[in-house]
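The values are calculated or read from the model by the stated rules, or taken from the named source; none is laboratory data. Nothing here was measured: the structure is a model prediction, and the numbers come from that model. For neighbour counting, all protein chains shown are included, and Cβ atoms are generated from backbone atoms with ideal geometry for every residue, glycine included.
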Amino acid sequence: MSFRSKTSRLFKACAVGLAVFGALGVTAGTAQADALAVSVMLETNLLFSNATTGVTLDASAFSTVVFTDSAQVTASLGGLSATQTGGPSSPIDLYACAPGSVGCPANNTFPFTVPPPTTTFATADQLLTGAPITGLPGLTAGATADLGTYASLSTPNTATSTADNGLNSTFAFTLLGATAVKIDFDAQAYLDAFTAAGQIFPTNALSAYTKCFDVTLVSTGATVVHWCPNGVNAPGDASDIGLTASTEPFNLNQNASVNAPFNGNQTTGVQSGHFSATTVTLLANTPYRLNLVESSRASALEVAAVPAPASLIMLGAALLGFGGVVGLRRRKS
């Protein structure tokens, strides 16, 4: 038998195998290609008050008071990034939508996005307004600090999407009289991490946020107050140092993650509540520094989807056809 005849019979056998599986309704397919990470933390009406009287602290209660704010947002997609920085004072309105993104949430909307993702983008958004005390020119009492980061992938090719969001507010102050300070704010927060069924390692999604208050002595740097709300009302533990009381309806220092092949959805759902903490008495005529540090992060990595089982069956059918031709050739030789 000539080489051309053998080759012809080989391809005919492969075609027959594929046609049979096609007639049975078996078609090629790929696993769904999705990964999503969302981190949103919205803080409103942040106020510092006299814990004894309940009256919001005024600038006149301090011999010195200086606020300094610094913030940065970064969004990256496929190696291309967008970044904005802001400070040193409120208001700060920052927004980054990575180049090549489709469907970035609009500035200052902060949606609680749910899976599955429908477009591919990376976004970081931040808004800081107001002040936690009264009497500061041009600033309304009751600070707002909103952070939202999003990493969404809906493409079947290898892709990465990350968004970083950071805020550091420093309050340097000296009280005229000894005062225990009460910190109050309202918060909404949401984490979501999702990878679609069929995704393979190293596809993953990670979202996280953090929020901590620290009061230190300027003279020595010693910590007087350390409060990182974790949903546990336990003044005196490692996250509530220097407090005599606290109210923490949920955790503002946590993460959600999903890693293929253990695909699925991990989420906190939308959480909301009122937070408060009362510090030990802060001394008069003693310089202190309060640092409020917030961060939000979302990242997603997706690799090419695995061929669906039907595709593998069709490939097997073609190989069976090839095997048949080889066997026939051996029997005739």
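Side notes on the structure shown:
- Within the range 199-216, residues that are not assigned by TED's automatic domain parsing to the domain that holds T267 reach no partner that is outside any strand (DSSP E or B) and at pLDDT 95 or above with beta carbons closer than 8 Å at six or more positions or on different chains.
- Residue match in the range 159-169 (condition: of a type in the set (A, V, I, L, M) and either farther than 25 Å from G269 by Cβ or outside the structural domain of A61 (by TED's automatic domain parsing) (or both)): yes
- Unique residue being in a strand (DSSP E or B), within 30 Å of A159 (Cα to Cα) and of a type in the set (G, A, S) when the list is S272, S257, S276, S246: S257
- Among the residues of the range 142-158, the ones that are closer than 22 Å to P115 by Cα, touching a Ser or Thr at 6+ places or on another chain (Cβ under 9 Å) and surrounded by fewer than 21 Cβ atoms within 10 Å (Cβ to Cβ) come to 3 in all.
- Within the range 188-198, the set of residues being over 14 Å from T268 (Cα atoms) and either assigned to a strand (DSSP E or B) or not assigned by TED's automatic domain parsing to the domain that holds R297 (or both) comprises just one member, T195.
- Residue match in the range 78-89 (condition: in a helix (DSSP H, G or I), within 38 Å of the chain's Cα centre (by Cα) and modelled with pLDDT of 50 or more): no
- Any hit, the range 119-127, residues being outside any strand (DSSP E or B) and farther than 15 Å from L167 by Cα: yes
- Flag for A180 being in a strand (DSSP E or B), assigned by TED's automatic domain parsing to the domain that holds M41 and within 22 Å of the chain's Cα centre (by Cα): no
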